[in-house]
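One structure below.
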Amino acid sequence: MTTLADLTATTPGLPCRLAPDAWFSDNARERDAAARLCHTCPIRDACTDYALTERVEHGVWGGTTPADRRAFWTGEPWRFDAAGRLRLLCGSERAYRAHFTYREKPGVDCVDGDCMAAHEAVVEAQRRERLAEEHAKGGTVRGYQIHWALGEPACERCRAASARDSAARRSQPRGRRSVQGRRARSRAVSAVRASAEPAPSAPAGVQAPSRAA
């Protein structure tokens, strides 16, 4: 198995071996200059992989700083994008959110993965979880709306709850019925939207540093 030490020993002209001080300097400008030199390094990926796997907390490795690397200590697949930034490989909820950090469109700007499909799977799972809660109550109007958002026929209990709610509203005076109807629709829409909101992920995975995503 070829190790990073093997690669550095057999790759001539590596600036980090000729003058390594800048890669571990306390001076931000020197570290930035060192990171730029890493961008064209032939063993950049191997160097970065080592620093991520070993969770190296000091120095510039593969053009990444310790702050860049902390967001990737989860072990998820990563890549360098066209701008040389460390990014998660597309196909996960964290990668989906990272597209917005870089003003990209999930799906359109995905590379080697499908972030839209991953996000939709998360949304559906969360809606299913919320629907189970509504079923535990015996079926509700909110459950009926979640069935609708999932694109499926409502179950008998939720359909019955919706029918009872509609009948109760029809029995009210016209003016009051109109106000209550609008409120009920507003609550239902808000509930469906809430069921589609992904649970917040760790800040490091969403708001990545300048070279991380």
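The values are calculated or read from the model by the stated rules, or taken from the named source; none is laboratory data. These numbers were taken from a predicted model, which means no experiment stands behind them. Glycine also receives a Cβ, built like all others from the backbone with ideal geometry; neighbour counts cover every protein chain displayed. With ligands, DNA and RNA removed, areas are computed over all heavy atoms of the protein, side chains included. Shrake-Rupley method; radii C 1.70, N 1.55, O 1.52, S 1.80 Å.
Brief remarks on what is shown
- Share of carbon and sulfur in the accessible heavy-atom surface of the range 41-108 [1.4 Å probe, %]: 52 percent
- Accessible area of residue 30 in the full protein assembly, 1.4 Å probe (Å², nearest 10): 90 Å²
- Loop sites in the range 46-105: trypsin sites (Lys or Arg not before Pro), DSSP, at most 12 other Cβ within 10 Å: 55, 103
- Accessible area per residue for the range 65-112 is 49 Å², calculated with a 1.4 Å probe on protein heavy atoms, without ligands, DNA or RNA.
- All other residues whose Cβ lies under 12 angstrom from that of residue 118 are scored, Lys and Arg at +1 and Asp and Glu at -1, for a net of -3.
- Sorting the Cα pairs of the range 58-127 by distance into bins of 5 Å, from 0 upward, gives 3, 16, 26, 23, 16, 9, 4, 2, 0 percent per bin.
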